[in-house]
C-alpha cells in the first residue's frame, strides 16, 4: 500500500499537469460518442474530450479503453460496422490539465483488427425456461458485426491482449510499435471470450467465457517474447450435468488462484439434454488442479448471502469479496446492486452489506457492470453504462465516496481501466 505522503505527492504532480505513475488515472469512454474519459483517482478530477475531433478517427462505436502503467499512452477499441472494420487506436497522452479540464493527445496509430461488415458468429439460443429469457437479435449480446473486448496487459512485456467477442480470435498488440503481432484461434474452445486475464507474474492467463452455456475457463501460458498463447487445459464451472455459465471477468488472487462470477440463470436451447444450470454464482479457480469451487450460489433475497442478481464482475481485497450485480441477460434491465462479503472462511461466506439503489446508491442506478480496483486496494470503482454512473467506493467501510453521472457528461460510460492494473 502506498504511503500517505506518496499519494499526496502523486496527486500534486498530476494537479500541475505532469504525468506521474504515483497517482492513479482511470480511463474510460462514452461509447456512442467516443469521448475519452480520464479521472484522477486521488483528487476525483475528471477530463473528457471528444475523440471524433481527431483527424482520421473512425466513424464507429467505441468499446474499451486501457491505459499503460506510466500513463503515457491510452488505447481505445472500436467496433466494426457496415463501412468500417474493428480497430484499436493508440493515443499518446502528452499532458493532462486537470484544473482546466483539458488533455493534450496525439493519435499515433489506428491498428486494423478486422474488415468492415464482418458478421458476428455468436450462436443464438432459444428460450426453454421462464427463468432465462433470451435477448433480442441484434442486441448488445448478439451484435450484428464483429467486436473485440476484454483488453489486458501481460506483465513484464509490451503486449496487450484482446479477444473477439463475436468470434474465436485472440489478438496481441505491441504497445510500443502500435502493431498487431499475432492473432490466434482455438476454434470452439476460444469462441465468445471476454479477455485473457494474467496473474501478476505473467505465467498464466485465464479466459472469461462470455455467452450462454459457455462454462469452461481456458488456461493459457503466454510466451513473453512472441505473445503467443499455449492452452494448458480448461476449468469447468461445475460438472457436465450441473454447471454455471456466462462470465464477464476474471480476478486473480495471487498467482495460483482466481475468482470468477457467472450470469446465466437457467437453461437454454444450448444446454445439453438433462443438464442443469446452477444460476448466478461466484467460483474460486485453482490453476494447479484445474478445478473450480463454488464460493457463492444464487439467492432470491436482497439480504441473502449469495448472488442476488447476475454477477457481472468480482473483486477480492483481503478477506472481502465484492460482487457487481447486473440484470441484463433477459433483454430487460433491472436495478443494479453491489454486494460485499466476508470470505475469511471460504466455506461460510458472510454478507457484509449489499448496496441498494435509492438507499446506498443513486435511485436510478442500474447494471453494476465492472469493478476496477487501484493497486493500493483502498477504493473500488463500479460502473454502469446503462444508468450513466461511475461510483467510487471505500472498500473498508462500503461507503460511496463519489458519484459521477450524466450531469458530469457520462453517456454510456464503458471500458474502465486504472493505470498500474492489468485489466
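So the values come out like this:
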{"item": "Residues located in the stretch 242-266, provided they are in a loop (DSSP other than H, G, I, E, B) and within 19 Å of residue 125 (Cα to Cα)", "result": "244, 245, 246, 247, 248, 262, 263, 264, 265, 266"}
{"item": "Count - residues of the stretch 42-69 that are in contact with a helix residue (DSSP H, G or I) (Cβ under 9 Å, 6 or more places away or on another chain) and in contact (Cβ under 8 Å) with a residue 60 or more places away in the chain", "result": "3"}
{"item": "Residue 388 touching a helix residue (DSSP H, G or I) at 6+ places or on another chain (Cβ under 6 Å) and under 26 Å from residue 78 (Cα atoms)", "result": "yes"}
{"item": "Count of the stretch 245-267 residues which are under 25 Å from residue 185 (Cβ atoms) and buried (at least 23 other Cβ atoms within 10 Å of the Cβ)", "result": "11"}
{"item": "Selection from the stretch 331-342 of residues that are surrounded by fewer than 21 Cβ atoms within 10 Å (Cβ to Cβ) and assigned to a loop (DSSP other than H, G, I, E, B)", "result": "331, 332, 333, 334"}
{"item": "Selected residue (only one of 227, 274, 202 is touching a strand residue (DSSP E or B) at 6+ places or on another chain (Cβ under 9 Å), over 23 Å from residue 165 (Cβ atoms) and assigned to a loop (DSSP other than H, G, I, E, B))", "result": "202"}
{"item": "Which numbered condition residue 294 fails, given (1) more than 24 Å from residue 395 (Cβ to Cβ); (2) surrounded by fewer than 21 Cβ atoms within 10 Å (Cβ to Cβ); (3) under 24 Å from the mean Cα position of the chain (by Cα)", "result": "(1)"}
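Quick grid of which residues meet (1) free of Cβ contacts under 8 Å to residues at least 12 places away in the same chain; (2) farther than 27 Å from residue 291 by Cβ; (3) surrounded by fewer than 22 Cβ atoms within 10 Å (Cβ to Cβ):
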{"residue": "104", "(1), (2), (3)": "yes, yes, yes"}
{"residue": "109", "(1), (2), (3)": "no, yes, yes"}
{"residue": "132", "(1), (2), (3)": "no, no, yes"}
{"residue": "140", "(1), (2), (3)": "no, yes, yes"}
{"residue": "157", "(1), (2), (3)": "no, yes, yes"}
{"residue": "161", "(1), (2), (3)": "no, no, no"}
{"residue": "176", "(1), (2), (3)": "no, yes, yes"}
{"residue": "180", "(1), (2), (3)": "no, yes, yes"}
{"residue": "187", "(1), (2), (3)": "no, no, yes"}
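Here, each number is a calculation from the coordinates, and none is a lab measurement. Since we're looking at a predicted model, the values are computed, not measured. Neighbour counts run over all protein chains shown; Cβ positions are idealised from the backbone, glycine included.
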